[in-house]
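One structure is given below, encoded as structure tokens.
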Amino acid sequence: MLVGALDTVLDSNARVTPFRIVLQAPGSQVSWVIASGASLEEVKTHWCWLEVNLLDSLSVFENKEDITSFVNGKIKGLIADESGGQQDPEGYREAVVRLEQRFGLPPREKLIARLTCCLWKTHVPRQGWMYLTHNHMAFYSYLLGKEVKLLLPWAEVTGVERVCVGRVTDVLRVRTRTRQRDFSMFLSMDDAMATITQLTDLALRRVLPTAGLRTPHTLIHTALTKRALEDHALTQDVLSLFGLPRTESVCEVRVCALWTPHLRSHTHGTLYATDSYLCFSSREPGVCSLIIPLSEVLSVEKAETSSVLPDPVIVSVRGRRAFQMVGVCDRDTLLEAVTDRLRMLRWKHAIYKGQHSQHTPLISPTPYYTFCYDTDGEADKSQRHVISTRPLISLNQSRMPKHKTAAERRKEALWEERFEEFGRGTHMFRTACLHKLVAMGIPESLRGDLWLTLSDASSELAAHPGYYAQLVERSLGEVTVATDEIERDLHRSLPEHPAFQSPFGIDALRRVLRAYAHHNTHIGYCQSMNILASVLLLYAKEEEAFWLLATVCERMLPDYFNRQVIGVCVCVCVCVCNGSIKGLADLWI
């Protein structure tokens, strides 16, 4: 009994498989277990595979040492392939065998990670092993003759959190609809929490595909391993930190120092190179961050190394600006990778422009002032689909105050001072000062421009010239469920605002919403899109408003705008659970 308990704790050969195939050269005292099984039939299957795939190949070897080396290499290669790149293929294979023996899961159930931990049962910790697979979380413990098994599908998990239980300050609690289970004493609680959270999230996206939740593209065509989950977690952190498109992938990560003119010094941090961006984040949060779209980059070059400037890299962008980074590790590899992506990006843009030049849309951008005073009904109907090139608020100047308030003028002056010091455009230096200015409120005269800049919608606008006009043309006369819902909501969109009391504002809103429904058929149209698009149209041109809407729905709030509004439901549940909004529980019910 005691031996069995120690065997489980120390992970020796607990529950050893009773049937094995052993490789041993004649006269040698060393042997290798190359196959094992819980039943005679399983071992016979392994033996048949060896006869078919290895037996004929052994005849070409003349001595037993070569045969032993060949068979060992072949078996290790198979284990490495099956482990999916795990650092310890022998340990991985052993864990897979034990998982199959103890829980009877099908062979297609992929083992992601195995963690040593304790399961708390009636205030007593049970030391054992946690197995994390594609679809299940399993726990096994065998101590002092008592066996504990737990098999929990990810689809049943409703919450994962870190809590304190009594004197145990770091406990991982996994909740289901019926009960909760506490685990502790992980070698790395952060690593365990991250892996379990990711697997739970992936299971939710598989269970609710019709709710607008999709499996991340980086994991669709990739074997699901712990390394793949770690890479995906890094990518998601970077995309969230800089607000990049969800289709981006992190290609290179380098520690370096960026020259920041406003500080007159180099700021240490991390450089991230993605498919279409170069991003920098300072080591200390809030000091400085930078986003450089590769579409704005003219050249990336390495400068001469000196004792003051080791391994410098110069990034030149449009607008006669350049950024200097020093101390870049493995500089040549980074430059080669970025140069290749620049070349590929320019090639794609050239093809896109060539295709667009061959297709001349029937709809062309035309200022509203060419028809805004036409009172003929037929003329109004013919102009319904003409794209606006002015913000709607500019069409109602007569109803706006002629003189700006002192607060508005003060805000504009502060923003102009910031532009002079930190630059303007997508590749401006972003500091804590920027967040303070945004919190104070963006002046009306700068809202459209700054919304495009800070959301990076301007990059999508520049990368797809004429795309919006094509969408508007394709959506003409289209009748779908989305278009019916759009028509119902058009006159509910800021009805008190003068811009939407005339057909010009209503028609512009109709075009934007229909174009987006045609652009993103997965989302189509859902609640509150009309309100968001209405506000965007007030301060941005029609095409700009379309790309701002796409950026908000797909990048900034990706799970909020779908038919089931999953993101909103999650936020409400979090608020209710935390009690942060009194009375919200009654409102939600």
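Which of the listed residues, GLY505, ILE531, VAL565, is farthest toward the dipole's positive end in segment 460-589, when Lys, Arg count +1 and Asp, Glu count -1 at the beta-carbon?
Towards the positive end, the residue furthest out is VAL565.
Within segment 238-273, report the trypsin sites (Lys or Arg not before Pro) that DSSP leaves as loop and that have at most 10 other Cβ atoms within 10 Å. Could the numbers behind the result be given before it?
Working: sites: ARG246, ARG254, ARG264; in loops: ARG246, ARG264.
The qualifying sites are ARG264.
Report, to one decimal in Å, the Kirkwood hydrodynamic radius for segment 243-343 based on all distinct Cα pairs. If you can, show how the numbers build up before the last one.
Values: mean 1/r = 0.0728 Å⁻¹.
After inverting the pairwise mean of 1/r, the radius is 13.7 Å.
For LYS64, list the aspartates and glutamates whose Cα falls under 18 Å from its own Cα; do not include residues on the same chain fewer than 8 positions away.
GLU51, ASP56
Quick one: if you stick a label point 7 Å off each Cα along the C-beta vector at ARG410 and SER394, how many nm between them?
About 2.9 nm, to one decimal.
Give me the dipole magnitude in Debye, nearest 20, for segment 243-343 about the Cα centre, with unit charges on the beta carbon: positive for Lys and Arg, negative for Asp and Glu.
Working: 11 positive and 12 negative charges, 78 e Å.
The calculated dipole for segment 243-343 is roughly 380 debye.
Which shape class, rounded, prolate or oblate, goes with segment 447-512 when its Cα gyration tensor gives a ≥ b ≥ c as root eigenvalues, a/c under 1.5 marks rounded, and past that a/b bigger than b/c marks prolate? Provide the component values of the computation, followed by the final result.
Values: a/c = 2.37, a/b = 1.26, b/c = 1.88.
Taking the square roots of the gyration eigenvalues as a ≥ b ≥ c, segment 447-512 is oblate.
Do any trypsin sites (Lys or Arg not before Pro) in segment 415-458 lie in a loop, going by DSSP, with at most 16 other beta-carbon atoms within 10 Å of their beta carbon, and if so which? Walk me through the numbers on the way to the answer.
Details: sites: ARG418, ARG424, ARG430, LYS436, ARG447; in loops: ARG424.
Passing sites in segment 415-458 are ARG424.
Hey, what did segment 243-343 get for relative contact order, percent, Cα under 8 Å, at least 6 apart?
Values: 185 pairs, mean separation 22.6, N = 101.
Computed over segment 243-343, the figure is 22 percent.
Holding the Cα-Cα limit at 23 Å, pick out from LYS121/LYS149; LYS411/LYS436; LYS121/LYS226 the pairs that are longer than that.
Details: LYS121/LYS149 12 Å; LYS411/LYS436 11 Å; LYS121/LYS226 28 Å.
In this structure, LYS121/LYS226 exceed 23 Å between Cα atoms.
Could you grab the relative contact order for segment 105-211? Cα pairs under 8 Å, six or more apart, rounded to a whole percent. Write down the numbers at each step before the final one.
Details: 180 pairs, mean separation 23.2, N = 107.
The value is 22 percent.
Which length gain, in nm to one decimal place, applies between MET193 and PHE61 when the Cα-Cα distance is subtracted from 0.36 nm times their residue separation? Present the calculation step by step, with values, prior to reporting the outcome.
Numbers: separation 132, 0.36 × 132 = 47.52 nm, distance 5.02 nm.
Length difference between fully extended and current span is 42.5 nm.
Subtracting the Cα-Cα distance from 0.36 nm times the residue separation, let me have the gained length for TRP47 to LEU144 in nm, one decimal. The partial results should precede the final answer.
Details: separation 97, 0.36 × 97 = 34.92 nm, distance 3.62 nm.
This chain segment gains 31.3 nm when fully extended.
Taking a virtual spin label 7 Å from the Cα of VAL568 along the C-beta vector, which residues in segment 495-530 bring their backbone nitrogen under 15 Å of it?
Flagged as within label range: 524-530.
Read-outs throughout are calculated quantities, based only on the coordinates presented, and are distinct from any laboratory measurement. All values reported here derive from a predicted model rather than from experimental measurement. Backbone-built Cβ (ideal geometry, glycine too); neighbour counts: all protein chains shown.
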